[in-house]
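Participant: I'd like to ask you about the structure that follows.
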């Protein structure tokens, strides 16, 4: 874990530098306007949170562009901005949010145990996860893609086998499972964090890194032009907001919030301030799935 | 040096000095032991006689001076030194038989490992040697199962198995119960009678009188007297030797 | 607990991978550690120096750092290879320092007279170490060596995170994060896997300890 922290720290520093170079504003971008007069039906999660005056939100701390803890100790990124939108709608300003680092493997546990009220952490909606938690959204549609060296001829997952290429991903991640359909298991290299995959790609230990395209964007941003995105997503990864299982009213509230943010431009702004620095084209809000 | 004698002495020490830290344990020792001679080294404890014995096969390295065995200077640590040690038999006060090997294995180990003798041949020789020292029936036992006297005789057999040119004995009877001293001395006396070159550090005056050709008396790291046993025991020249003999003989 | 039975083949593969890592690492570190212990008691000063530095470096470095150097440092200087062997190498380097110290303490427990007698009959340093001193050291060395090896088996979990993958601990990771299984039952399965290796290992060591004790 110490190592992970170290690596994360290093990545943070690099990214902070590169962001500073872009001449952009600081990580605490203009916060969405707080809906101070919000009223909620008694007994709902919304009412409870509003009364409590604070909210615990799980996000990644090591995910460039989506949720990355900065030098000021606060996470920044698209996920973080989306979470702030939800909080604002509850009448809670950004300083009322307690950020909880939520690594992939602990997300369900955290929601079930109430360690967090909601999770916005590049969290793909799938059936297995739906057995334990409910999802609002999706608020973004990612897809698994490949990152290769600038001069690589690999043009899609199908080319990997022919090239006998080694592919790197993170232990226990969905992309690591998915890539097994395209390459021999002995050619899959797994690390605990993606920054190590990037290093392995740079030193020629592996020929490709695979995960969701948005994550790869962060790594490409940090590589100073050494890597490129293949650009052919071969899965769809709808990112949802994880909440306690069966909390339909809260789910509906979040969905409404997302729709409102989409129409008033907050959603596009959240992207532009964060991931938009690497991928300028703002995404469309995906069609929301029904709350259950 | 005797120019007329063409054969080199078996042991030659020339101006040897050794220190243990600030302690000067061997002071400018010069001596020669010709082939076939039996030398007994006497002296009070702490006189450096054991150290002298151990420098001859370089178990103790010296600080200055020269030591030659059979005309060859002692080599530095390594294969060559191992070869030289193979030709110098040594018997220790505390026997030092290899505790995890039987008596027979103790005797055959070095011939097989160092001389590369076939195991069968080494065993045959070993059994002959064990017979010579009178412990054939102990061959398959482990050292801890033997009495001290038997162990020391086995240790002598182990040294002889390498067919050494010279034998060093470092107080071979000092760790033995009194009733076992004689059996070991008997083996040594026989060996002396067969013409083996021997350097024996001991307190056994009887052995010195009976089997030695020469007595060296050491005190405070120096050779104080170097004479025949008769001369030494009947007419010691130095005060320190007289003093030493006085204490030994009254006991 | 169903998670264990439902994913039995995954657990089995992880178990075999861990076993494979441990088998190579145990053999490697025992051989290397004994060799380094030989260096440390050698009469040749440069060898002693190498032995001492070796122990000081690898015993005092966190395992993750050693593994980091193997998995990322070696490719950095142009040494490319399978992460499995990088991981095993790192584990061997790290464990060898502890094996060395256990063996050295065993060597020191053998009375000095034994080595002296061995040298006096003409055995070289290597011969006296291998035929006289080490066999007798074995008796005192088995228990601490057992602890070192068991610690190594548990340390193999860290190796999995350096590109090796597929080991027991990584299987736990896969089940919890990509398949969304509850952490606790999954980890119980992982622990059982390690126990299947370490407990018989401990029993075998106990047996070995009794055996070498009788052999004298």
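The values are calculated or read from the model by the stated rules, or taken from the named source; none is laboratory data. Treat the numbers as computed from the prediction; the structure is a model and nothing was measured. Every residue, glycine among them, receives a Cβ derived from its backbone with ideal geometry; neighbour counts consider all protein chains shown.
Participant: Has segment C:71-94 got any residue that is part of a helix (DSSP H, G or I), surrounded by 21 or more Cβ atoms within 10 Å (Cβ to Cβ), within 14 Å of chain B (Cβ to nearest Cβ) and in contact with a strand residue (DSSP E or B) (Cβ under 9 Å, 6 or more places away or on another chain)?
Facilitator: No, there is no match, as no residue in segment C:71-94 is part of a helix (DSSP H, G or I), surrounded by 21 or more Cβ atoms within 10 Å (Cβ to Cβ), within 14 Å of chain B (Cβ to nearest Cβ) and in contact with a strand residue (DSSP E or B) (Cβ under 9 Å, 6 or more places away or on another chain).
Participant: Check residue C:102 against each of (1) in contact (Cβ under 8 Å) with a residue 40 or more places away in the chain; (2) within 14 Å of another protein chain (Cβ to nearest Cβ) and name the one condition it does not meet.
Facilitator: For residue C:102, the exception is condition (2).
Participant: Could I ask something else about it? Counting only residues that are modelled with pLDDT of 90 or more and more than 11 Å from chain C (Cβ to nearest Cβ), which one in segment A:112-121 is nearest to residue A:193 (Cα to Cα)?
Facilitator: By that ranking, first place goes to A:121.
Participant: Residue A:172 fails exactly one of the following numbered conditions: (1) more than 14 Å from chain C (Cβ to nearest Cβ); (2) closer than 21 Å to residue A:62 by Cβ; (3) in a loop (DSSP other than H, G, I, E, B). What is the number of that condition?
Facilitator: The single condition residue A:172 does not satisfy is (1).
Participant: Go through segment B:110-124 and report how many residues are facing chain C (nearest Cβ under 8 Å) and farther than 23 Å from residue B:198 by Cβ.
Facilitator: Result for segment B:110-124: 1.
Participant: Further, regarding this structure: Is it the case that residue C:68 is more than 22 Å from residue C:200 (Cβ to Cβ), within 14 Å of another protein chain (Cβ to nearest Cβ), part of a helix (DSSP H, G or I) and in contact (Cβ under 8 Å) with a residue 12 or more places away in the chain?
Facilitator: On the way: more than 22 Å from residue C:200 (Cβ to Cβ): yes; within 14 Å of another protein chain (Cβ to nearest Cβ): yes; part of a helix (DSSP H, G or I): yes; in contact (Cβ under 8 Å) with a residue 12 or more places away in the chain: yes.
In short, yes.
Listed here are the residues, each with its yes/no results for (1) more than 12 Å from the chain's Cα centre (by Cα); (2) crowded, with 22+ Cβ neighbours inside 10 Å.
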| position | (1), (2) |
| --- | --- |
| B:154 | yes, yes |
| B:157 | yes, yes |
| B:165 | no, no |
| B:171 | no, no |
| B:179 | yes, no |
| B:190 | yes, no |
| B:196 | no, no |
| B:201 | no, yes |
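Participant: Check B:90, B:127 and return the single one that is crowded, with 16+ Cβ neighbours inside 10 Å, more than 9 Å from every other protein chain (Cβ to nearest Cβ) and either over 25 Å from residue B:202 (Cα atoms) or touching a strand residue (DSSP E or B) at 6+ places or on another chain (Cβ under 8 Å) (or both). Walk me through how you get there before you give the answer.
Facilitator: On the way: B:90 fails: more than 9 Å from every other protein chain (Cβ to nearest Cβ).
Testing whether each residue is crowded, with 16+ Cβ neighbours inside 10 Å, more than 9 Å from every other protein chain (Cβ to nearest Cβ) and either over 25 Å from residue B:202 (Cα atoms) or touching a strand residue (DSSP E or B) at 6+ places or on another chain (Cβ under 8 Å) (or both) leaves just B:127.
Participant: Considering segment B:56-87 alone, what residues qualify as being free of Cβ contacts under 8 Å to residues at least 40 places away in the same chain and within 14 Å of the chain's Cα centre (by Cα)?
Facilitator: Of everything in segment B:56-87, those that are free of Cβ contacts under 8 Å to residues at least 40 places away in the same chain and within 14 Å of the chain's Cα centre (by Cα) turn out to be B:58, B:59, B:85.
Participant: Pick from C:212, C:110, C:159: which is facing chain B (nearest Cβ under 10 Å) and either touching a strand residue (DSSP E or B) at 6+ places or on another chain (Cβ under 8 Å) or buried (at least 20 other Cβ atoms within 10 Å of the Cβ) (or both)? Show your work before the answer.
Facilitator: Values: C:212 fails: either touching a strand residue (DSSP E or B) at 6+ places or on another chain (Cβ under 8 Å) or buried (at least 20 other Cβ atoms within 10 Å of the Cβ) (or both); C:159 fails: facing chain B (nearest Cβ under 10 Å).
Every option except C:110 fails the conditions.
Participant: Here's another thing I want to ask about it. Could you go through segment B:95-105 and let me know if any residue there is without any contact (Cβ under 8 Å) to a residue 40 or more places away in the chain, part of a helix (DSSP H, G or I) and either more than 9 Å from chain C (Cβ to nearest Cβ) or under 21 Å from the mean Cα position of the chain (by Cα) (or both).
Facilitator: The answer is yes, given that some residue of segment B:95-105 is without any contact (Cβ under 8 Å) to a residue 40 or more places away in the chain, part of a helix (DSSP H, G or I) and either more than 9 Å from chain C (Cβ to nearest Cβ) or under 21 Å from the mean Cα position of the chain (by Cα) (or both).
Participant: Of all residues being touching a strand residue (DSSP E or B) at 6+ places or on another chain (Cβ under 9 Å) and within 9 Å of chain C (Cβ to nearest Cβ) in segment A:200-218, which is farthest from residue C:166 (Cα to Cα)? Just the residue, please. Walk me through how you get there before you give the answer.
Facilitator: Taking segment A:200-218 as the starting set, the residues that turn out to be touching a strand residue (DSSP E or B) at 6+ places or on another chain (Cβ under 9 Å) are A:200-202, A:204-218.
Checking which are within 9 Å of chain C (Cβ to nearest Cβ) leaves us with A:200, A:202, A:204-206.
Working: A:200: 18, A:202: 23, A:204: 21, A:205: 18, A:206: 17 Å.
That would be A:202.
Participant: Further, regarding this structure: When you check residue C:195 against the structure, is it surrounded by fewer than 18 Cβ atoms within 10 Å (Cβ to Cβ) and either farther than 30 Å from residue C:72 by Cα or more than 14 Å from chain B (Cβ to nearest Cβ) (or both), yes or no? Reasoning before the result, please.
Facilitator: On the way: surrounded by fewer than 18 Cβ atoms within 10 Å (Cβ to Cβ): yes; either farther than 30 Å from residue C:72 by Cα or more than 14 Å from chain B (Cβ to nearest Cβ) (or both): yes.
For residue C:195, the condition - surrounded by fewer than 18 Cβ atoms within 10 Å (Cβ to Cβ) and either farther than 30 Å from residue C:72 by Cα or more than 14 Å from chain B (Cβ to nearest Cβ) (or both) - is met.
Conditions (1) touching a helix residue (DSSP H, G or I) at 6+ places or on another chain (Cβ under 9 Å); (2) modelled with pLDDT of 90 or more; (3) outside the structural domain of residue A:62 (by TED's automatic domain parsing); (4) crowded, with 23+ Cβ neighbours inside 10 Å, marked per residue:
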| residue | (1), (2), (3), (4) |
| --- | --- |
| A:161 | yes, no, yes, no |
| A:173 | yes, no, yes, yes |
| A:186 | no, no, yes, no |
| A:210 | yes, yes, yes, yes |
| A:221 | yes, no, yes, no |
| A:241 | yes, yes, no, yes |
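Participant: While we're on this one: For segment B:188-245, which positions are part of a loop (DSSP other than H, G, I, E, B), touching a helix residue (DSSP H, G or I) at 6+ places or on another chain (Cβ under 7 Å) and over 18 Å from residue B:156 (Cβ atoms)?
Facilitator: B:236
Participant: Something else: Got at least one residue in segment A:185-195 being in a helix (DSSP H, G or I) and facing chain C (nearest Cβ under 10 Å)? Show your work before the answer.
Facilitator: Start the filter on segment A:185-195 by keeping residues that are in a helix (DSSP H, G or I), which leaves A:185-187, A:194-195.
Now restrict to residues that are facing chain C (nearest Cβ under 10 Å): A:185-186.
Checked against the condition, which is being in a helix (DSSP H, G or I) and facing chain C (nearest Cβ under 10 Å), segment A:185-195 yields at least one hit.
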